[in-house]
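The values are calculated or read from the model by the stated rules, or taken from the named source; none is laboratory data. This is a predicted model, so every value here is computed, not measured. Because the Cβ atoms are built from the backbone with ideal geometry, glycine has one as well, and the counts that use them run over all protein chains shown. Quick note on the areas: whole protein, heavy atoms, side chains included, nothing else; ligands and nucleic acids left out. Shrake-Rupley method; radii C 1.70, N 1.55, O 1.52, S 1.80 Å.
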Amino acid sequence: MSELQMRVSDEDRERTTQQLQQAFSEGRLTQPELEERLEAALSARTYGDLLALITDLPSAQPQAGDVVELGSKHGNVKRSGDWAVPRRLRVSSKYGSVELDFTEAVVPHQVVEVELDLTYGSAKIILPEGAVANVDGFQADWGHPTSKVPSRPRPGVLCVVITGRAKYGGLTVRYPRKRWFTH
């Protein structure tokens, strides 16, 4: 079964209706268009039904470039804090690790593709709570990909699709660690 054919929840329908109402308030949809799409969203059965209603609507955040390439031969590649995430990110590291922390990043796209090319080293990807990641397109010769987050895409939720290869290393995808002793 395709991920787009999976059944949606009431929460998924609600998230989509909020996005449609936001688009109407910005003048992107007319009143009849809004009413038609809201009716379709409330009766949607699959993710494909919901995604069809919002694919022509731009994101509210500032746009980042389409493709960004990061690389290092002998060091580590790290992005964290407030950074603009492109639609497609290609990261190569020959003798080092990769850490991409999306928790405070500006992500203007619902789907972000991350392509990894690692020779000696591993990658760690930290996603904001609720985000999903698909690691099915990642291969590791001597390590293994580990994902501690859901992989099923949902409307209105960041979905990171990770592809590529690690020759001697692995991949870990997780949410931020919980801090026990904070006030």
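Here Ser151 meets the list (1) among the hydroxyl-bearing types (Ser, Thr, Tyr); (2) under 30 Å from Leu57 (Cβ atoms); (3) in a strand (DSSP E or B) almost entirely, failing just condition (3). Contact map, segment 20-42: residues that are within 12 Å of Leu57 (Cβ to Cβ) and open to solvent by 70 Å² or more (accessible area, probe 1.4 Å) paired with residues that are small (Gly, Ala, Ser) and outside any loop (DSSP other than H, G, I, E, B), Cβ distance under 8 Å, separation 6+ or inter-chain. No pairs are found. The set of residues in segment 63-105 being touching a Pro at 6+ places or on another chain (Cβ under 7 Å) and of a type outside the set (Asp, Glu) consists of Gln63, Ala64, Gly65, Val67, Val68, Phe102, Thr103. Is it the case, given these coordinates, that Val161 is touching a strand residue (DSSP E or B) at 6+ places or on another chain (Cβ under 9 Å), on the phi < 0 side of the Ramachandran plot, assigned to a loop (DSSP other than H, G, I, E, B) and open to solvent by less than 50 Å² (accessible area, probe 1.4 Å)? Spelling it out, it is not the case that Val161 is touching a strand residue (DSSP E or B) at 6+ places or on another chain (Cβ under 9 Å), on the phi < 0 side of the Ramachandran plot, assigned to a loop (DSSP other than H, G, I, E, B) and open to solvent by less than 50 Å² (accessible area, probe 1.4 Å). The set of residues in segment 105-158 being in contact (Cβ under 8 Å) with a residue 40 or more places away in the chain, surrounded by fewer than 20 Cβ atoms within 10 Å (Cβ to Cβ) and among the basic types (Lys, Arg) consists of Lys124, Arg152. The numbered conditions (1) modelled with pLDDT under 95; (2) open to solvent by less than 50 Å² (accessible area, probe 1.4 Å); (3) in contact with a strand residue (DSSP E or B) (Cβ under 9 Å, 6 or more places away or on another chain) are all true for Ser59 except (3).
Specify the residue that is farthest from Val111 (Cα to Cα); the eligible residues are those in segment 43-52 that are open to solvent by less than 40 Å² (accessible area, probe 1.4 Å) and of a type in the set (A, V, I, L, M). Taking the candidates together, the pick is Ala44.
The criterion of at least 2 residues that are not charged (D, E, K, R) is met by the following strands (runs of 3 or more DSSP E) wholly inside segment 44-137: 67-72, 88-95, 98-101, 111-120, 123-126.
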